[in-house]
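Here's the structure we're looking at; comments come further down.
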Amino acid sequence: MTTTTITNSEEIKKPSNLSLRLGYIRRNPGLALGVAILISLILFTVIGLMNIDSDDAYPLSVMGRQAPSIEFPFGTDYFGRDLYAALVVGMWQTALIGVIAGAIGTFIGIILGFVSAFYGGILDTIIKGVCQILMPIPVFLIQVIIAGSLNKDDVTVFTMALIVVLLAWMWPTLVIRSQVLSMKERQFVSVAKLSGMNNIEIIFAEIFPNLLPFIAASFVWSVFSAVFASFYLAVIGLGPLREPLLGNIIWGAQSQGAFFNGWWWWPLAPATLMVLILTSLALINMGLDELANPRVRRTE
């Protein structure tokens, strides 16, 4: 019998976590591009907030209808707002709506998804049934009805976030429920039960950490949906009209016929920023979904 000895120099070295992450980003340029765009937008907002007077983002603060110049890099609008200041503040407000609504929707989805899948029974039937009933309902129509029924003076950035989140928890609930149903049948959960761990310990110590990639992808998708919802509600005039949300700036440009009057710079900048926001979130979501789902994950 021949015995083969592997020397230290011939041992297979396990790649570090940093190498694995860099390798994944190299194989997934879409995720890298999405993160790069998002970082650029964050820097635009942070640097802008340190260099502007936030009062210039509101009406009657500067001379109106000024084309882009050194003094006003993005020009001014009909209402006398410095569009650079308005875009910086509007980016922050739009991001705030998305993060608040996305976080609340994902949090509700995590709780309902875990309860539904892990405990089953009548709770699973009720939660799954409610989600399946509400999912086909046009979310846009419900949001328009709710936003349109409010007094315009009562609509704020936080009100917009609550309107958006009302029906934003169903998709995360169903996604997380399906993942928990699959994971709770795996061997490591059975071993945890045999070791004497109770349900709460199994959920937080065994299942939840393994679902973090799915939860991250669900959160990014929820933020994407919330940003898009707040955008189209503002574009049709149902947002907090005094606030410089990106959708409100476009609504104002549309209502005043900006393109017909030659004020091309007014709608161009907010529309470009909104496209960049949605593109970055979509690319990040697809990258995280690929990372979380072994069936579609790319290999070396």
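Identify, among PRO136, GLY196, MET274, the residue whose Cα sits farthest towards the positive end of the charge dipole of the chain, taking +1 on the Cβ of Lys and Arg and -1 on the Cβ of Asp and Glu, with the dipole about the Cα centre.
Sorting the options by dipole projection puts first GLY196.
In units of 2.2 N^0.38 Å, what is the alpha-carbon radius of gyration of the chain?
So the chain has a normalised radius of gyration of 1.26.
Which net charge results when you count Lys and Arg as +1 and Asp and Glu as -1 among the other residues whose beta-carbon is under 15 Å from that of TRP251?
Neighbour charge sum, excluding TRP251 itself: +1.
Please list, or write none, the aspartates and glutamates whose alpha carbon is within less than 12 Å of the alpha carbon of LYS193, excluding same-chain residues fewer than 8 places away.
Here the aspartates and glutamates satisfying the reach criterion relative to LYS193 are GLU185, GLU201, GLU206.
What are the ³J(HN,Hα) values, in whole Hz, obtained from phi via the Karplus relation 6.51 cos²θ - 1.76 cosθ + 1.60 with θ = phi - 60°, for each residue of the stretch 91-100 in sequence order, with x given for Gly and Pro?
For the stretch 91-100, the Karplus curve yields 4, 4, 5, 4, 5, 4, 4, x, 5, 4 Hz.
What whole-number distance in Å separates the alpha-carbon centres of the stretch 43-71 and the stretch 76-91?
What the calculation gives is 5 Å, centre to centre.
From the phi angles alone, apply the Karplus equation (6.51, -1.76, 1.60; θ = phi - 60°) to the stretch 208-217 and give each ³J(HN,Hα) in whole Hz, x where the residue is Gly or Pro.
4, x, 6, 9, 4, x, 5, 5, 4, 5
Please state the charge dipole magnitude for the chain, taken about the Cα centre, from unit charges on C-beta atoms (+1 on K and R, -1 on D and E), reported in debye and rounded to the nearest 20.
It works out to roughly 900 debye.
Given axes a ≥ b ≥ c from the Cα gyration tensor, I'd like to know whether the stretch 178-300 is rounded (a/c under 1.5), prolate (a/b larger than b/c) or oblate.
Prolate, because a/c is 1.5 or more and a/b exceeds b/c.
Hey, can you grab everything whose amide H is under 5 Å from the amide H of TYR58? Only 5+ residues off in sequence or another chain; H modelled, so Pro and N-termini drop out.
Those qualifying (amide H under 5 Å, at least 5 residues apart or on another chain) are ASP82.
With charges set only on the Cβ (+1 for Lys and Arg, -1 for Asp and Glu), what does the dipole of the stretch 143-300 come to about its Cα centre, in debye to the nearest 20?
260
Per-residue ellipticity at 222 nm for the chain, helices alone: DSSP H runs ≥ 4 residues times -39500 (n - 2.57), over residue total, nearest 500 deg cm²/dmol?
Taking each H run of at least 4 residues, the total per residue is -20500 deg cm²/dmol.
Specify the residue with the greatest mean-square fluctuation among ARG26, ARG177, ARG81, computed from a Gaussian network of the chain linking alpha-carbon atoms under 10 Å apart.
ARG26
For TYR78, list long-range residues whose amide hydrogen, built 1.01 Å from N in the peptide plane, is under 5 Å from its own amide hydrogen.
Answer set, sorted by chain and number: ARG65.
Please identify, among GLU290, GLU185, GLU243, the residue showing maximal mean-square fluctuation in a Gaussian network model of the chain using a 10 angstrom Cα cutoff.
Of GLU290, GLU185, GLU243, the Gaussian network model singles out GLU185 as fluctuating most.
Peptides 87-97, 149-159: what's the order by average Cβ count within 10 Å, highest mean first?
Taking the mean over residues of other Cβ atoms within 10 Å, the ranking is 87-97, 149-159.
Under the Karplus relation 6.51 cos²θ - 1.76 cosθ + 1.60, θ = phi - 60°, what is the ordered set of whole-Hz ³J(HN,Hα) values for the stretch 136-148, x standing for Gly and Pro?
Whole-Hz 3J(HN,Hα) from phi for the stretch 136-148: x, 5, x, 4, 4, 4, 5, 5, 5, 5, 5, 5, x.
Roughly how many whole Å is it from the C-alpha centroid of the stretch 112-144 to that of the stretch 230-247?
After rounding, the separation between the Cα centres reads 29 Å.
In the chain, with Lys and Arg counted as +1 and Asp and Glu as -1 at Cβ, which of these residues, SER149, THR45, ILE108, has the Cα nearest the positive end of the dipole, that is, farthest along it?
Comparing the listed Cα positions along the dipole, ILE108 ranks first.
Each value in this text was obtained by applying a stated rule to the coordinates, not by laboratory testing. Since the structure is predicted, the reported quantities are computational estimates derived from the model, not experimental observations. Reconstructed Cβ throughout: ideal geometry from the backbone, glycine too, with neighbour counts over all protein chains shown.
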